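**Student:** Can you keep this structure in mind? I'll have questions shortly.
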Amino acid sequence: MPNWCVGDLKIRGEFKNIANLLTSNIDGCTVELDEYGTLEVKNVRGKNINGARRVFVDNADTVDGIETQGGYIVVLPISAAWVLSPPEMMSLSKKFNVDFRFYGFEYGQEFNQELEIIKGDLTLDKCTNFDDYLWESPCPLAGG
């Protein structure tokens with residue numbers, strides 16, 4: 001059984017690209033705009049993100065996307081087995097024309113992972129280890 005790296009996966013892009021990514025890779029997921037223009041992602045709790053290596057959406061029945069100048073940003077709480085794997089996420093980013101940013105916590109092996117992928121290119125891939133994980137990590141009991 002793996003240790004879990006847990007955190008928020010941010011997805012940035014145009015509505016149609018985010019909707020295509022999520023509905024194509026999360027079984028039963030729906031993405032729509034409500035009457036106020038709010039992006040709503042439904043039916044994602046506990047589901048696997050296909051195309052990402054052992055990544056599951058955590059406790060979120062409905063997730064709202066936030067409109068920005070460049071489109072939308074959706075924040076999914078996820079658990080990734082061991083780490084969020086860059087090669088798979090780069091492939092999804094390129095295929096669906098979306099950007100990803102992740103900050104995760106892995107209590108079992110005592111590290112934090114920071115990852116950013118823009119237009120399929122890996123721009124940040126950093127694992128931070130600590131001398132005293134329980135004291136120094138901002139969320140030391142998350143993951144593991």
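The values are calculated or read from the model by the stated rules, or taken from the named source; none is laboratory data. Since the structure is predicted, the reported quantities are computational estimates derived from the model, not experimental observations. Reconstructed Cβ throughout: ideal geometry from the backbone, glycine too, with neighbour counts over all protein chains shown. Ligands, DNA and RNA are stripped out before the accessible areas are found, and what is left, the full protein with its side chains, is counted by its heavy atoms. Shrake-Rupley method; radii C 1.70, N 1.55, O 1.52, S 1.80 Å.
**Student:** Tell me the angle of helix 86-96 to the major Cα principal axis of the chain, expressed in degrees between 0 and 90 and rounded to the nearest ten.
**Tutor:** Once rounded, the angle reads 10 degrees.
**Student:** Suppose all protein chains stay in the model; what accessible area per residue would a 1.4 Å probe give for the stretch 92-133, in Å²?
**Tutor:** Value for the stretch 92-133: 53 Å² per residue.
**Student:** Taking loop as defined by DSSP and a crowding limit of 15 other beta carbons within 10 Å, which chymotrypsin sites (Phe, Trp or Tyr not before Pro) in the stretch 1-36 fit?
**Tutor:** Those that pass, being in a loop and sparsely packed, are Tyr36.
**Student:** Between Arg54 and Ile66, how many nm apart are label points set 7 Å from Cα along the C-beta direction?
**Tutor:** For Arg54 paired with Ile66, the spin-label model returns 3.1 nm.
**Student:** Please compute the net charge surrounding Asp125, taking Lys and Arg as +1 and Asp and Glu as -1 over other residues with Cβ under 9 Å from its Cβ.
**Tutor:** Net of charged neighbours comes to -1.
**Student:** Calculate what fraction, in whole %, of the accessible area of the chain sits on carbon and sulfur atoms when a 1.4 Å probe is rolled over the protein chains.
**Tutor:** Answer for the chain is 49 percent, counting heavy atoms of protein chains only.
**Student:** Next question. Find the percent of Cα-Cα distances in the stretch 5-112 that exceed 24 Å, and round it to a whole number.
**Tutor:** That tail contains 18 percent of the Cα-Cα pairs.
**Student:** Here's another thing I want to ask about it. Please compare each pair in Lys47/Lys94; Lys16/Lys119; Lys10/Lys94; Lys47/Lys119; Lys16/Lys47; Lys16/Lys95 to a cut-off of 18 Å on the Cα-Cα distance and tell me which ones are over it.
**Tutor:** Lys47/Lys94; Lys47/Lys119; Lys16/Lys47
**Student:** Restricting to DSSP H runs of at least four residues, report the calculated mean residue ellipticity at 222 nm for the chain, -39500 (n - 2.57) per run over all residues, nearest 500 deg cm²/dmol.
**Tutor:** The helix-only estimate for the chain comes to -5000 deg cm²/dmol at 222 nm.
**Student:** Next up: Across the chain, where is the longest run that never hits GluC sites (Glu not before Pro) in a DSSP loop with at most 16 other C-beta atoms within 10 Å?
**Tutor:** 36-144
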